[in-house]
Amino acid sequence: MTKQERRARGLYKKSARYVAEAAKVDSKQEYETIAALDLVKQTSSTKFDATVDIAVRLGVDPRQGDQVVRGTTELPHGTGKSQKVAVFAKGPAAEAAQAAGADVVGADDLIAKIQNGWRDFDVLVATPDMMPAVGRLGRTLGPRMPNPKSGTVTTDVTRVVNAIKKATRVAYRVEKGAIVHAPIGKASFPIEQLEENMNVLLNALIKAKPATAKGRYIRKITVSSSMGPGVDIELQTATKTAERL
């Protein structure tokens, strides 16, 4: 259950800090993008550099296989968070992955390591020729398995590893409730960079619209910082701006 869902059901215990920050936001108003992101920055009072997240509710039914929205995009200003990457590859591809900065590179040895319980990674990448062997990890890894739809099964390991290590690559997948959650930067980012990142992500979601989706596709856009209140964005303007990219 997401943070937003817990709050909606009254299961999320609100701290005094959160209540004070939430008082700055009109929960009945949809804000223009710049104003919304400014509020997110204002209401981010954590001691660490909070992540700014976007939650987009889509007009799809995630229970239907042909309406699952999933993919990756690269944010122009990155997310501000580097990730640990493990790559299944052999030969020149393994050398390319190491040169690109992968944290761990291996083949059968890496498969055995994971089978023995190793999980010190954020993202797994694999070359196509490794997938028959990597497939043995399906039950072990579940959704963390490399997948062509998420761009983590690739012949271009240099590009993919670079994008992950530079924190520009963002994976998205519609969840229960037809909501996509994704990071768009840090609270320390200038508003302009957060806006550009948000527009690129929204553009990717729009392009990923399933042919079977009916009615309004983008139904709600909310931005928030880690442990901060959600701020709703005015839909029509934000959607049109993203479509023009």
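Read the figures in this text as sums done on the coordinates, not as results from a lab. Remember, it's a predicted structure, so these values are computed and weren't measured experimentally. Neighbour counts run over all protein chains shown; Cβ positions are idealised from the backbone, glycine included.
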Exercise. In whole Hz, with x marking every Gly and Pro, tabulate ³J(HN,Hα) for the stretch 157-171 from phi via Karplus 6.51 cos²θ - 1.76 cosθ + 1.60, θ = phi - 60°.
Key: 5, 4, 5, 5, 5, 4, 5, 5, 5, 7, 6, 8, 8, 10, 9
Practice problem: Report the label-to-label distance for residue 214 and residue 15 in nanometres (one decimal), using points 7 Å from each Cα along the Cα→Cβ vector. | Solution: 4.5 nm
Practice problem: Diagonalise the Cα gyration tensor of the chain and give the resulting equivalent ellipsoid semi-axes, square root of 5 times each eigenvalue, largest first, whole Å. | Solution: 34, 20, 18
Quiz prompt | FRET E, pair residue 158, residue 38, Förster distance 35 Å, beta-carbon r, rounded to 0.05 | solution = 0.40
Exercise. Give me the Debye-computed log₁₀ of I(q)/I(0) at q = 0.15 Å⁻¹ for the stretch 1-146, equal point scatterers on Cα only, no solvent, two decimals.
Key: -1.02
Self-check item: Taking the stretch 122-245 and dividing mean pair separation by its residue count, relative contact order in percent (alpha carbons under 8 Å, at least six apart)
Solution: 15 percent
Quiz item: How large is log10 I(q)/I(0) at q = 0.11, 0.16 Å⁻¹ when the Debye formula is applied to the Cα atoms of the stretch 125-245, each weighted equally and without solvent?
Solution: -0.49, -0.97
Practice problem: Report the relative contact order of the chain, percent, no decimals, based on alpha-carbon pairs under 8 angstrom and at least 6 residues apart. | Solution: 37 percent
Practice problem: Counting residues in the stretch 188-245 as N, plug N into 2.2 N^0.38 Å and put the Cα Rg over that result. | Solution: 1.22
Quiz item: If the cut-off is 16 Å between C-alpha atoms, which lysines fall inside it for residue 81, apart from same-chain ones fewer than 8 positions away?
Solution: 165, 166, 186
Self-check item: Fraction of beta bridges assigned by DSSP in the chain that are antiparallel (%, nearest 5)
Solution: 70 percent
Practice problem: Could you please state, rounded to a whole Å, how far the C-alpha centre of the stretch 99-115 is from the C-alpha centre of the stretch 117-189? | Solution: 14 Å
Self-check item: Förster-model FRET efficiency, 41 Å R0, residue 237 and residue 82, C-beta, rounded to 0.05
Solution: 0.80
Quiz item: Using a ≥ b ≥ c from the Cα gyration tensor of the stretch 82-183 (square roots of the eigenvalues), is it rounded, prolate or oblate, where a/c under 1.5 gives rounded and otherwise the larger of a/b and b/c decides, a/b for prolate?
Solution: oblate
Quiz item: Which value, in Å³ per residue, describes the convex hull spanned by the Cα atoms of the stretch 19-83?
Solution: 173 Å³
Practice problem: Return the sequence-ordered ³J(HN,Hα) values of the stretch 94-111 in whole Hz as given by the Karplus equation 6.51 cos²θ - 1.76 cosθ + 1.60 applied to θ = phi - 60°, using x for Gly and Pro. | Solution: 5, 5, 5, 5, 5, 5, 7, x, 4, 6, 9, 10, x, 10, 4, 5, 6, 4
Quiz prompt | Cut-off under 5 Å, modelled amide H: who pairs with residue 218 long-range | solution = 59
Quiz prompt | Scaled radius of gyration (Cα, divided by 2.2 N^0.38 Å) that the stretch 67-128 gives | solution = 1.28
Exercise. Over 26 Å between C-alpha atoms is what I'm after, so list which of 41/214; 84/207; 41/220; 90/176; 14/240 land there.
Key: 41/214; 84/207; 90/176; 14/240
Self-check item: Separation of the residue 70 and residue 192 label points, Cα + 7 Å toward Cβ, nm
Solution: 3.8 nm
Practice problem: Enter the mean projected area of the convex hull around the alpha-carbon atoms of the stretch 144-194, in nm², rounded to one decimal. | Solution: 5.0 nm²
